[in-house]
Amino acid sequence: MSTTTLTHDDAHHHETPTGWRRWLYSTNHKDIGTLYLLFALTMLFLGGASAMVIRAELFMPGIQLVDPDLYNNLVTNHALIMIFGAVMPAAAGLANWMIPMMIGAPDMALPRMNNLSFWILPAAATMLILSFVVPFFPGGGTQINTGWTLYPPLSIQVGMSMDFLIFAIHLLGASSILASINIIVTLLNMRAPGMKLMQMPMFCWTWLVTAFLLILVVPVLAGGVTMLLFDRHFGTSFFDAAGGGDPVLFQHLFWFFGHPEVYILLLPSIGVLSHVIPTFSRKPLFGYNSMVGAMLAVATIGMVVWAHHQYTVGMSLGAVTYFMIGTIIISIPVGLMIFNFIATMWRGAMTFETPMLFAIAIILMFTFGGLSGVMLAVVPADMQYHDSMFVVAHFHYVLMPGAVFGLFAGVFYWLPKWTGHMYDERLGKIFFWTNIVGFNITFFPQHFLGLAGMPRRIIDYNVMFTEFNVLSSFGAMIFGFSHLLLLYIVISTIRGGQKAKARAWEGADGLEWELDSPPTFHTWEVAPTIK
Amino acid sequence: MHDPKLATGTRNRRTAVVLSLVVVGMFGFGFAMVPLYDLICKVTGVQSVALRTGGERSEAVPMVAPDPNRWVTIKFDTTVAPSLPWEFEAGIHRVEVVPGEINEVVFLARNRSNSQVTGQAIPSVVPWQATPFFSKLECFCFNKQTLVGGERVEMPLRFMVSPDLPKGIESLTLSYNFMKLKPSQGGVAEPKVTANDQG
Ligand code: HEM
Ligand SMILES: [Cu+2]
């Protein structure tokens, strides 16, 4: 304990700081984890609100509520808020709370940097929201009508709100890079003596891989949007064909980030499932080593298949064939993970608490999304499906279960640990069912819409698509409002409830369950011994 | 990274520095892609804009006998960059041609502004595999075009599709994207209309 950061902590060891100072100056991984999670929950509701407007507009053909530019601005903002504001910070919140407790470390390795990586986020979110609202003010320029992919030349022509967005992306990127460095350093250096890498809890493994992916690809996105900024203001022509640049280059830079990003969103939730499923099946995780191997394979191959998002830009036959085969190959290790989960449940003494219900639903629905992914990976088929609602259905079927529901499962699973209270299981189940049913009613019909030819990111549609859109919007109302119940459950569990035992779930295994529920402000100041 | 003799703080700092170097390296990698991109495209045959010639060959076309039994549909597509205040359209949108015969079509351009503007048309052919078989004998895209305010011109294109065009291709699209040239690129200075003002 000879480090400066730790001595600093030693000074006010046993009293918990209070008031706003506790949060603003916090270097405590649990408090920072809480901040991340609350931030993510706020963003979930903001992003959800924009999605509800989108679905309300699409309820009927024609243009009713918003104008086309605002519609596309909403689509852009919805995606960016959900990805960068809700899912990534929520996953980082789980990492902050759980990783030190799981590996027997007193805190994250770099506690002050941890503080910084969280507190960049509110600033970034402000920029992101400004990029949405600035066009409503006089002289604010045009709306961001590009979608979250920000393709030039359109993104070069958008007004100054794009500059706010570029700045927001820089900040969000900086935040997740700092958090990732911290997580990697913690996992490599701070494990309890005797815990080897191949003994780490699976959640830690998934985050180790996620963090490496983040530091490899986020800087490339940052570079890409920086070039965009230069093209907009400093007369360069990285992407401007009139000046000898190439707009497709931006697409490559974007998807070099964008495809690994989907695994960044997915893997932490896979980590959560690797704890939830064994707990409620009362069996250890099946195939730990193969799970780690599959994850490394997904991450490595996932770095080199990005152009399956760009089949239609006119690549050579050799190039599209390569990207097609690479993409399809990824479904093998992904399938292996699913197989391991099923094998873990096989002949287990299963019970169906809310986290487990989510886990099972995830396996079913995520696999379905993976299947539509394989359809999209096939070049000639994708020429038809590209930029249609089918793609929207695909990525919501992988991202909602694969990322968001996994995070919900984690929250229900660890809420008793964090708060010391059990949540109301009956309410949890009601939330699960309304959420899952709402989700499927919303997104299942979109497969048919896409196959029948309805394009994505367009405000209006042919009347022949009306019925399925009505259905989808109806489901979206159920789905959207179900989250109010989540909010209620979280608040009421924080405020009280049945006392949780240290090992809140009797099948749970791991160091975190040896700590009290809720854990004391500082934990594992003396590292545990690993048998 | 894993020297147990070192204090945790020192090890942490070391690991963090190594990781930061990775971050800086990847940021640089993004920029390195700019020159590498054309290189990769050339090697792998992906068509970047810089490599796209749209069959801009001025050398004489090998005289192959026309193949009167084969017809190929040529579609014309035009785009005008938002910064260029012009109208630009093909006089005819599709023609059927016999490979090996020389054809002529006319494109119409009008300068909507009241000042002189210079532009350059950039051609491309879809499917790109047809590119080397589409020869332009005379094209307004070979040179930059300057129109005074309000001027209207007819611009001819003389082209030939080679009889060597792969058999599977029955239809191809020639697309022109008209770009504005900045004074630095040989364009004529005039009141600034940038993409941002328009946007
Ligand atoms: C078996 C695995 C998968 C395959 C083969 C696959 C394939 C594809 C393909 C080919 C596309 C491009 C479709 C198009 O634009 O025409 C696509 C889009 C997308 N995929 Fe997947 N995918 C898989 C898994 C996932 C996972 C696990 C996630 C996230 C957790 C994901 C998220 C997305 C997203 C967000 C998009 C749309 C991006 C956009 O255009 O805005 N996919 N997928
Ligand atoms: Cu992808």
TODO: Collect the residues in region A:319-343 that are within 12 Å of ligand 2 (Cβ to nearest atom) and either open to solvent by less than 20 Å² (accessible area, probe 1.4 Å) or within 14 Å of chain B (Cβ to nearest Cβ) (or both), keeping them in residue-number order.
DONE: A:F323, A:G326, A:I330
TODO: Select from region B:72-93 the residues that are open to solvent by 40 Å² or more (accessible area, probe 1.4 Å), within 14 Å of chain A (Cβ to nearest Cβ) and either free of Cβ contacts under 8 Å to residues at least 40 places away in the same chain or part of a loop (DSSP other than H, G, I, E, B) (or both) and list them in ascending order.
DONE: B:P82
- [ ] Give the number of residues within region A:204-263 that are outside any loop (DSSP other than H, G, I, E, B), open to solvent by 10 Å² or more (accessible area, probe 1.4 Å), small (G, A, S) and more than 8 Å from chain B (Cβ to nearest Cβ).
- [x] 0
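Can you pull out the residues in region B:96-130 that are β-branched (V, I, T), open to solvent by less than 30 Å² (accessible area, probe 1.4 Å) and within 24 Å of B:P166 (Cα to Cα)?
Scanning region B:96-130 gives B:V97, B:V98, B:V105, B:V125.
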Task: Single residue of region A:22-33 satisfying the filter (surrounded by fewer than 19 Cβ atoms within 10 Å (Cβ to Cβ) and assigned to a helix (DSSP H, G or I)) that is farthest from the chain's Cα centre (by Cα) - done: A:R22
Task: One residue from A:N114, A:N96 being open to solvent by less than 30 Å² (accessible area, probe 1.4 Å) and over 16 Å from the mean Cα position of the chain (by Cα) - done: A:N114
TODO: Would you please name the residue that is nearest to the other protein chains (Cβ to nearest Cβ), looking only at residues in region A:344-372 that are open to solvent by less than 10 Å² (accessible area, probe 1.4 Å) and within 16 Å of ligand 2 (Cβ to nearest atom)?
DONE: A:S372
Open item on the list: Any residue at all in region A:289-307 that's out of contact with any Phe, Trp or Tyr (no Cβ under 6 Å at 6 or more places or on another chain), free of Cβ contacts under 8 Å to residues at least 12 places away in the same chain and either within 13 Å of ligand 1 (Cβ to nearest atom) or within 12 Å of another protein chain (Cβ to nearest Cβ) (or both)?
Closed with: no
Open item on the list: Looking at A:I81, A:I156, A:I177, A:I129, can you tell me which residue is more than 14 Å from chain B (Cβ to nearest Cβ) and open to solvent by 10 Å² or more (accessible area, probe 1.4 Å)?
Closed with: A:I129
Open item on the list: closer than 21 Å to B:S135 by Cβ, open to solvent by less than 40 Å² (accessible area, probe 1.4 Å) and either modelled with pLDDT under 75 or more than 22 Å from the chain's Cα centre (by Cα) (or both): is that true of B:V46 in this structure?
Closed with: no
Open item on the list: When the residues of region A:379-393 are narrowed to those that are within 6 Å of ligand 1 (Cβ to nearest atom) and assigned to a helix (DSSP H, G or I), which ends up farthest from the other protein chains (Cβ to nearest Cβ)?
Closed with: A:V391
Open item on the list: Can you tell me which residue is farthest from A:T226 (Cα to Cα) among those in region A:132-149 that are away from chain B (no Cβ under 14 Å) and within 16 Å of ligand 1 (Cβ to nearest atom)?
Closed with: A:G147
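The values are calculated or read from the model by the stated rules, or taken from the named source; none is laboratory data. Worth saying up front: this structure is predicted, and the values here are computed from it rather than measured. We place every Cβ from the backbone using ideal geometry, glycine too, and count neighbours over all the protein chains shown. SASA here: full protein model, heavy atoms, side chains in, ligands and nucleic acids out. Shrake-Rupley method; radii C 1.70, N 1.55, O 1.52, S 1.80 Å.
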